[in-house]
Amino acid sequence: MIKVYIDGQAGTTGLALEARLLELAKTTAIQWLTISDALRKDVTARKKLMNQADVVFLCLPDEAAKEAVALIDNPEVVIIDASTAHRTNAAWVYGFPELSADQHAKLTVANKIAVPGCHATGFIALVYPLIQKGLIQKSDMLYCHSLTGYSGGGKQMIADYEADQRHPSAAWMYALDLKHKHLPEMKQMTGLETTPLFVPVVVPVNKGMIVSLPLKGRPHQLHAELTAYYAHSSTVKVMDLGVQTSLHIENELAPDALEIYVFGQGEQAVIAARLDNLGKGSSGAAVQCMKVRFGLWNG
């Protein structure tokens, strides 16, 4: 029996996480530690439940997540933080088990796990293997473009779109100060020496994400290396080369899956990752981390 508490259960990520855990509870013994709406901001009540749990999920803004961690004094509690607060903290393990055998091994014993950002998940999945194989150099300046569904913007953005307060075809670039909050983890987890030039775009679909990078390289070689790297992964799949020349963000895919595509000709290529920004890019990744930590998922 795994005792679970979600701090921040009423937010977008918290609600999606609860739905994932309810599905998992059909096959795994889970005991819910719940708090009433009246006590959701009561520090004493939250602290009591957190320290009784086997695993605490934090679905909070960064500063609130840091404050929540300080409330947990039971060293046996596994903390899985979905915020940005701890992703580059050396005391926390980055929650991307497919990255390497070593990363998976660290997660099996970690008590402090930082869930990757959605954009960062796609970027790292593409870049990390190619750096390991020498097809991208750590000194390279990389250019990354990412399309994301509006659900990643939280309750207010979802409400605006679904109430038609924004034009139905509205899409916009943001973080044009080049200070997007996912950049530190994108750089650190890949080992890049230079911060990538990253331009995200919100598009008028509820969920979905396509993260892409242009590269100088032979598409067949890039595809072969990525295919070999993820050959044994059940969640990351490298799609066939040359089958299509376009990619649609709204196409359905398994909620915890990440698909990798390679396009191009000659020595010009575009590599892309497609995922559910609320699945492998958020709550799905958080549940995956719990599964790894409690021996319920091996990759």
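The values are calculated or read from the model by the stated rules, or taken from the named source; none is laboratory data. Here the structure is a predicted model, which means the values were calculated and not measured. Glycine also receives a Cβ, built like all others from the backbone with ideal geometry; neighbour counts cover every protein chain displayed. In case anyone asks, the SASA skips ligands and DNA or RNA and just uses the protein heavy atoms, side chains included. Shrake-Rupley method; radii C 1.70, N 1.55, O 1.52, S 1.80 Å.
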Full-extension gain in nm, residue 179 to residue 3, via 0.36 nm per residue minus C-alpha separation: 59.6 nm
statement: So, with points 7 Å from each Cα along the Cβ direction, the residue 10-residue 220 label distance in nm works out to 5.9 nm
statement: Matching label for the computed mean projected area of the Cα convex hull in nm², out of [x] 19.2; [y] 15.7; [z] 27.4, is [y]
message: About the Cα centre, and with charges only on the beta carbon of Lys, Arg (+1) and Asp, Glu (-1), how big is the dipole of region 166-245? Nearest 20 debye, please.
response: 200 debye
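Counting only protein chains, not ligands or nucleic acids, how are 37, 54 ordered by accessible area (probe 1.4 Å), most first? Write out the running numbers ahead of the final one.
Details: 37 125, 54 50 Å².
The ordering from most to least exposed comes out as 37, 54.
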message: Relative contact order for the chain: what percent, with Cα pairs under 8 Å and sequence separation of 6 or more?
response: 20 percent
statement: Of the residues 282, 113, 11, the Cα lying farthest along the dipole of the chain towards its positive end, which is defined by charges on the beta carbon of Lys, Arg, Asp and Glu, belongs to 113
message: Tell me the net charge near residue 235. Cut-off is 9 Å between Cβ atoms, residue 235 excluded, with +1 for each Lys or Arg and -1 for each Asp or Glu.
response: 0
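So if we plug the beta-carbon distance of residue 62 and residue 197 into 1/(1 + (r/R0)^6) with R0 = 22 Å, what FRET efficiency do we get, rounded to 0.05?
On the way: r = 24 Å, r/R0 = 1.08.
Rounded to the nearest 0.05, the efficiency is 0.40.
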query: In nm, what is the difference between 0.36 nm times the number of residues separating residue 33 and residue 101 and their Cα-Cα distance?
result: 21.2 nm
query: Taking the simple approach of a point 7 Å from Cα along Cα-to-Cβ for both residue 270 and residue 22, what is their distance in nm?
result: 3.8 nm
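Below 8 Å, C-alpha to C-alpha, sequence gap of six or more: please give me the relative contact order for region 139-248 in percent. Walk me through the numbers before you get to the answer.
Working: 130 pairs, mean separation 41.3, N = 110.
Relative contact order of region 139-248: 38 percent.
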field: Accessible-area ranking of 44, 195, 235, largest first, probe 1.4 Å
entry: 44, 195, 235
- line: Rounded to one decimal in nm, the spacing of the 7 Å Cα→Cβ label points at residue 138 and residue 206 is 4.3 nm
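Helix-only estimate, please: 222 nm mean residue ellipticity of the chain, summing -39500 (n - 2.57) across DSSP H runs of length 4 or more and dividing by its residues, to the nearest 500. The partial results should precede the final answer.
Details: 9 runs with 91 residues, N = 299.
Calculated from helices alone, the mean residue ellipticity at 222 nm is -9000 deg cm²/dmol.
With every protein chain kept in the model, how would you rank 21, 60 by accessible area, 1.4 Å probe, largest at the top?
60, 21
Tally Lys and Arg at +1 and Asp and Glu at -1 over the other residues with C-beta under 14 Å from the C-beta of residue 104: what net charge comes out? It would help to have the intermediate numbers written out before the result.
Values: positive: 106, 291, 293; negative: 98, 102.
Within the 14 Å Cβ shell, the charges total +1.
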field: Orientation-averaged projected area, Cα convex hull of region 82-236 (nm²)
entry: 10.4 nm²
- request: Round to the nearest 0.05 the FRET efficiency obtained for residue 232 and residue 73 when R0 = 41 Å and r is the Cβ-Cβ distance.
  value: 0.55
query: So if R0 is 51 Å, what FRET efficiency would residue 41 and residue 248 give, r being the distance between their Cβ atoms, rounded to the nearest 0.05?
result: 0.80
- request: Find the relative contact order for region 38-183 and round it to a whole percent, using C-alpha pairs within less than 8 Å whose residues are 6+ positions apart.
  value: 16 percent
